[in-house]
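The values are calculated or read from the model by the stated rules, or taken from the named source; none is laboratory data. Small disclaimer: the values here were computed from a predicted structure and weren't measured. For neighbour counting, all protein chains shown are included, and Cβ atoms are generated from backbone atoms with ideal geometry for every residue, glycine included. Ligands, DNA and RNA are stripped out before the accessible areas are found, and what is left, the full protein with its side chains, is counted by its heavy atoms. Shrake-Rupley method; radii C 1.70, N 1.55, O 1.52, S 1.80 Å.
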Amino acid sequence: MAVPTRPAEVPLVLSLIARWLFRLFGWRVEGTVPNFPKFIIVAAPHTSNWDGVILIFVALILRMKIYWMGKHTLFKPPLGWFLRALGGIPIDRRASHNAVQQAVAQFAEHERLILVIPPEGTRRKAARWKTGFYYIAQGANVPLVLGYIDFPRKVTGLGPVLQPSGDIEADMEPIRAFYQGKTGLHPERMGEITLG
């Protein structure tokens, strides 16, 4: 599944400016972009709007083009083109459609795709993680990259890579262990890493 060194998708000058600004605010990025053409970044914990801003900095600093999924109604004129330019992929969530299948189809249609999914699914309090991220990765046969943010330490980045085995219960153990101790801006909103 590994490919030759991936081309940088963000200009070096933007990366350097983002790195300088990030350090100015006391933050640092850990990890490197895995050498895969397609993967899912698990973005956790997700408890505030600042998570998205920090994610943009991470993408610029690590020089990667990221994509995210949003409700299809967000992509109507006049702002639809802008959201697509920011990496938005419209997903139709009406009952007759399946968001997991639509996301898997996106991976089939692209040679390179880095899709960011916050498993809590909301910035508000989530009882537990949603499992769509896992089933998208399994269906598309792409790895999961454990992305994280830890506000108390002002650290964010990319951690280990996990290829779903099909045994979600077993695969959640190393995921749960990795996120232990990583804290969002609003810890009281963090969802438990358990399966419904």
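Side notes on the structure shown:
- Spatially proximal lysines relative to residue 38 (Cα-Cα < 20 Å; intrachain offsets below 8 disregarded): 65
- The Cα-based radius of gyration of the stretch 44-175, divided by its Kirkwood radius, gives an Rg/Rh of 0.94.
- Cα-based reach from residue 71 at 18 Å (exclusive), listing aspartates and glutamates while leaving out same-chain residues under 8 positions away: 92, 120
- The residues of the stretch 65-196 expose on average 54 square angstrom of accessible surface per residue, using a 1.4 Å probe on protein heavy atoms.
- Structural size metrics of the stretch 116-155, computed from C-alpha coordinates, are Rg and Dmax of 12.2, 35 Å.
- Taking trypsin sites (Lys or Arg not before Pro) across the stretch 78-136, the ones in a DSSP loop with at most 16 further Cβ atoms lying within 10 angstrom of their Cβ are 93, 94, 112, 124, 125.
- Relative contact order of the chain, pairs being alpha-carbon contacts under 8 Å that are 6 or more residues apart, as %: 29 percent
- For the chain, the dipole from Cβ point charges (+1 on Lys and Arg, -1 on Asp and Glu) about the Cα centre works out to 660 debye, to the nearest 20.
- The slack between residue 30 and residue 127, meaning 0.36 nm per residue of separation minus the straight C-alpha distance, is 32.1 nm.
- 222 nm mean residue ellipticity, helices alone, for the chain (DSSP H n ≥ 4; -39,500 (n - 2.57); rounded to 500): -9500 deg cm²/dmol
- Protein accessible area in the chain, 1.4 Å probe - carbon and sulfur %: 60 percent
- Of every Cα-Cα pair in the stretch 1-93, the percent that sits beyond 20 Å: 46 percent
- Computed accessible area, residue 17, all protein chains, 1.4 angstrom probe, square angstrom: 90 Å²
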